[in-house]
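Laboratory data are not the source of any read-out in this text; all were calculated from the coordinates shown. Because the structure is a prediction, the values reported are computed rather than measured. Here the Cβ is made from the backbone with ideal geometry for all residues, glycine too, and neighbour counts use every protein chain on show.
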Amino acid sequence: MSKSIRKKSKSIGTYRVVGVMSGSSLDGLDLALCELKYARGKWIWRIEKARTIPYPPRIQEALEHVMTGNAFALAVVDTELGEFIGEKCKRFAGGKADRSAVTDTPFSTCHAVRLPSRSVPAGPSRP
């Protein structure tokens, strides 16, 4: 770690963050509330709690078929999924109106989508 990063990190202290994962298995939204602390030149972490929240049937169905729709349908699914993730993270982290009182940094997530097998071109055949 560079000297400037180390110096900056020492003043960081402790963070509470929500880790988020949403993927192509469609089993639900995976959340982890974690505490990260920089002490004595290294990061120490612990998971306070973790949970998988099933998708509502409407969102799960939309995610299953997202790659067969048009751009507008994708935008609608993106909006609905984003609202679902935001609401679930807020509740999971403590449900406070002021997010900064619950977590110290925003989270970032994306949802992996699976292309239908018929739309993926076959690679060159090998002997």
Inset, instruction - Can you run down the residue pairs with Cβ atoms below 9 Å, 6 or more apart or on separate chains, where the first is in region 43-59 and farther than 14 Å from GLU83 by Cα and free of Cβ contacts under 8 Å to residues at least 60 places away in the same chain and the partner is in a strand (DSSP E or B) and small (Gly, Ala, Ser)? - result: ILE47/GLY19; ILE47/ALA32; GLU48/ALA32; LYS49/ALA32; ALA50/GLY19; ALA50/ALA32; ARG51/ALA32
Legend entry - Residues within region 42-98 that are among the small types (Gly, Ala, Ser), assigned to a helix (DSSP H, G or I), farther than 16 Å from VAL18 by Cα and in contact with a helix residue (DSSP H, G or I) (Cβ under 9 Å, 6 or more places away or on another chain), tallied: 2
Inset, instruction - Return the total of residues in region 48-77 being of a type in the set (D, E, K, R) and farther than 15 Å from SER24 by Cβ. - result: 4
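For region 20-38, how many residues meet the condition of being touching a helix residue (DSSP H, G or I) at 6+ places or on another chain (Cβ under 8 Å) and over 15 Å from LEU81 (Cβ atoms)? Full working, then the answer.
Step one: of region 20-38, the residues touching a helix residue (DSSP H, G or I) at 6+ places or on another chain (Cβ under 8 Å) are 20, 22, 26, 29, 31, 33, 38.
Now drop any that are not over 15 Å from LEU81 (Cβ atoms), which leaves 33, 38.
Within region 20-38, residues that are touching a helix residue (DSSP H, G or I) at 6+ places or on another chain (Cβ under 8 Å) and over 15 Å from LEU81 (Cβ atoms) number 2.
Hey, among LEU36, LEU31, LEU26, which residue is surrounded by 14 or more Cβ atoms within 10 Å (Cβ to Cβ) and not in a strand (DSSP E or B)? Give the steps one after another, and end with the answer.
Numbers: LEU36 fails: not in a strand (DSSP E or B); LEU31 fails: not in a strand (DSSP E or B).
Being surrounded by 14 or more Cβ atoms within 10 Å (Cβ to Cβ) and not in a strand (DSSP E or B) holds for just one of LEU36, LEU31, LEU26, which is LEU26.
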